[in-house]
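Colleague: There's a structure below that I have some questions on.
The values are calculated or read from the model by the stated rules, or taken from the named source; none is laboratory data. Just so it is clear, the model here is predicted, and its values are computed rather than measured. A quick note on method: Cβ atoms are made from the backbone with ideal geometry, for glycine too, and the neighbour counts reach across all protein chains shown. Note: accessible area is taken over every heavy atom of the protein model, side chains too, but ligands, DNA and RNA are not part of it. Shrake-Rupley method; radii C 1.70, N 1.55, O 1.52, S 1.80 Å.
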Amino acid sequence: GQSLEQPSEVTAVEGAIVQINCTYQTSGFYGLSWYQQHDGGAPTFLSYNALDGLEETGRFSSFLSRSDSYGYLLLQELQMKDSASYFCAVNSAGNQGGKLIFGQGTELSVKP
Amino acid sequence: DAGVIQSPRHEVTEMGQEVTLRCKPISGHDYLFWYRQTMMRGLELLIYFNNNVPIDDSGMPEDRFSAKMPNASFSTLKIQPSEPRDSAVYFCASSGTGGTQYFGPGTRLLVL
């Protein structure tokens, strides 16, 4: 089967750093994406890792280790507006359009 | 660009009725995806198209669900007959060769 595991919820305070982990087991792997979804909204793309290592985009960074089937999203200088659900997703099909398999999502609550 | 457009944004219907959800992808994108999101099952891929051709419909729950893409700028997801367990948020997403998926605002469906 194909599965992605991530924590169901994480709580942190404003200004802190939080790491959301994702482990995956899929029949194919071409890359790991992260999406953010606010309550009542649509998922929006945050980052993508096809190769091992760290990708940095402003306050957000994403890491991938393909040998460990593991990745994480790192959020720094947390703000209240970062309270949302975060999904990791594996591109398992390899075509350029990117069929994605999503994890169940991690609900991040940022407290003052 | 206006982004992915979905209609209606909300739909309330009675069990047994036909429901049609509509999606206009981002111009130039050649992949289109239909997802369903519920608390219990998370974000599930139902079907996706490449250049208007269905590629993978393994996520379509049963024969009551059907999807079409008659041209590059329009797709429909139809449920006939609808059942209360179909109540969910249905998202359409599109992507180009870069692979990043852009989601529409979703259709919130409630079947009574």
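Colleague: Using a 1.4 Å probe over the heavy atoms of the protein chains, calculate the carbon and sulfur portion of the accessible area of chain B as a whole percent. Walk me through the intermediate numbers first.
Modeller: On the way: 2750 of 5400 Å².
Carbon and sulfur atoms account for 51 percent of the accessible area of chain B.
Colleague: With a probe of 1.4 Å, find how much accessible area the protein assembly as shown has per residue, and write the answer as a whole number in Å². Walk me through the numbers before you get to the answer.
Modeller: On the way: 10770 Å² over 224 residues.
For the protein assembly as shown, the per-residue accessible area is 48 Å².
Colleague: Report the calculated FRET efficiency for B:GLN80 and B:VAL53 (r = Cβ-Cβ distance, R0 = 25 Å), to the nearest 0.05.
Modeller: On the way: r = 22 Å, r/R0 = 0.89.
Between B:GLN80 and B:VAL53 the formula returns 0.65.
Colleague: Still on this structure: How long are the semi-axes of the equivalent ellipsoid of chain A, defined as square roots of 5 times the Cα gyration tensor eigenvalues? Whole Å, largest first.
Modeller: Numbers: eigenvalues 110, 40, 31 Å².
Semi-axis lengths for chain A are 23, 14, 12 Å.
Colleague: If you place +1 on the Cβ of every Lys and Arg, -1 on the Cβ of every Asp and Glu, and leave all else neutral, what size is the dipole of chain A about its Cα centre, to the nearest 20 Debye?
Modeller: Using Cβ point charges on Lys, Arg, Asp and Glu, chain A gives about 220 debye.
Colleague: Lys/Arg Cβ at +1, Asp/Glu Cβ at -1, dipole of chain B taken about the Cα centre: which of B:ASN51, B:ALA2, B:THR20 is farthest positive-ward?
Modeller: Sorting the options by dipole projection puts first B:ALA2.
Colleague: Now for a separate question. A drop of at least 50 square angstrom in accessible area, chain alone versus all protein chains together, probe 1.4 Å. Which residues of region A:39-71 meet that?
Modeller: A:PRO43
Colleague: How many nm separate the modelled label positions at A:THR23 and A:GLU56, each set 7 Å beyond the Cα in the direction of the Cβ?
Modeller: Once both label points are built, they end up 2.8 nm from each other.
Colleague: So how much accessible area does A:LEU51 have, in Å² to the nearest 10, using a 1.4 Å probe?
Modeller: Rounded to the nearest 10, that gives 120 Å².
Colleague: Stick to Cα atoms and the Kirkwood definition of Rh, then tell me Rg/Rh for the protein assembly as shown.
Modeller: On the way: Rg = 17.5 Å, Rh = 18.0 Å.
Dividing the radius of gyration by the Kirkwood radius yields 0.97.
Colleague: Once you charge only the Cβ atoms, +1 for Lys and Arg and -1 for Asp and Glu, what is the size of the charge dipole of the protein assembly as shown about its Cα centre, to the nearest 20 debye? Mind showing how you got there, number by number?
Modeller: Values: 15 positive and 23 negative charges, 82 e Å.
Magnitude of the dipole: close to 400 debye.
Colleague: List the residues whose amide H sits under 5 Å from the amide H of B:ILE5, counting only those 5 or more places along or on another chain, with H placed 1.01 Å from N in the peptide plane.
Modeller: Those lying under 5 Å, H to H, from B:ILE5 are B:LYS24.
Colleague: Over region B:1-41, what is the mean sequence separation of C-alpha contacts under 8 Å (at least six apart), divided by residue count, expressed as relative contact order in percent?
Modeller: On the way: 23 pairs, mean separation 17.8, N = 41.
Over region B:1-41, the number comes to 43 percent.
Colleague: Mind checking how much accessible area A and B bury in total, 1.4 Å probe, in Å² rounded to 100? Write down the numbers at each step before the final one.
Modeller: Values: alone 6150 and 6120 Å², together 10770 Å².
Buried area (both sides, nearest 100 Å²): 1500 Å².
Colleague: Two-decimal Rg/Rh of chain B from alpha-carbon positions, Kirkwood Rh? Spell out each step's value before the answer.
Modeller: On the way: Rg = 13.1 Å, Rh = 13.9 Å.
So for chain B, dividing Rg by the Kirkwood Rh gives 0.95.
Colleague: Sticking with this structure for a sec: List the GluC sites (Glu not before Pro) in region A:1-39 that DSSP assigns to loop (not H, G, I, E or B) and whose Cβ has at most 16 other Cβ atoms within 10 Å. Which are they?
Modeller: Working: sites: A:GLU5, A:GLU9, A:GLU14; in loops: A:GLU14.
Qualifying residues, ordered by number: A:GLU14.
Colleague: List the longest stretch of chain B that has no exposed loop site; here a site is one of the trypsin sites (Lys or Arg not before Pro) assigned by DSSP to anything other than H, G, I, E or B, with at most 12 other Cβ within 10 Å. Please report the intermediate quantities before stating the final value.
Modeller: Numbers: sites that count: B:ARG9, B:ARG41.
It runs B:42-112.
Colleague: For chain A, calculate the relative contact order in percent as a whole number, restricting contacts to Cα pairs under 8 Å that are 6 or more residues apart. Could you put the intermediate results ahead of the total?
Modeller: Working: 290 pairs, mean separation 40.2, N = 112.
For chain A, the relative contact order is 36 percent.
Colleague: Something else now. With a 10 Å cut-off between alpha carbons and a GNM built on chain B, which of B:MET60, B:MET69, B:MET40 moves the most?
Modeller: Residue with maximal mean-square fluctuation among B:MET60, B:MET69, B:MET40: B:MET40.
Colleague: Separate question: Pull out a ≥ b ≥ c, the square roots of the eigenvalues of the alpha-carbon gyration tensor of region B:3-42, then state rounded if a/c is under 1.5, prolate if not and a/b is larger than b/c, and oblate in the remaining case. If you can, show how the numbers build up before the last one.
Modeller: Values: a/c = 2.59, a/b = 1.55, b/c = 1.67.
Oblate is the answer for region B:3-42, as a/c is 1.5 or above yet b/c matches or exceeds a/b.
Colleague: Report the relative contact order of region B:38-97, percent, no decimals, based on alpha-carbon pairs under 8 angstrom and at least 6 residues apart. Write down the numbers at each step before the final one.
Modeller: On the way: 53 pairs, mean separation 13.7, N = 60.
Relative contact order comes out at 23 percent.
Colleague: Consider a paramagnetic label point 7 Å from the Cα of B:ARG64 along Cα→Cβ; state which residues of region B:1-40 have an amide N under 14 Å from it.
Modeller: Residues passing the 14 Å test: B:13-20.
Colleague: Sticking with this one: Looking at region A:20-112, which GluC sites (Glu not before Pro) are DSSP coil and have at most 14 other C-beta atoms within 10 Å of their C-beta?
Modeller: Working: sites: A:GLU55, A:GLU56, A:GLU77, A:GLU107; in loops: A:GLU77.
Loop-located and lightly packed - A:GLU77.
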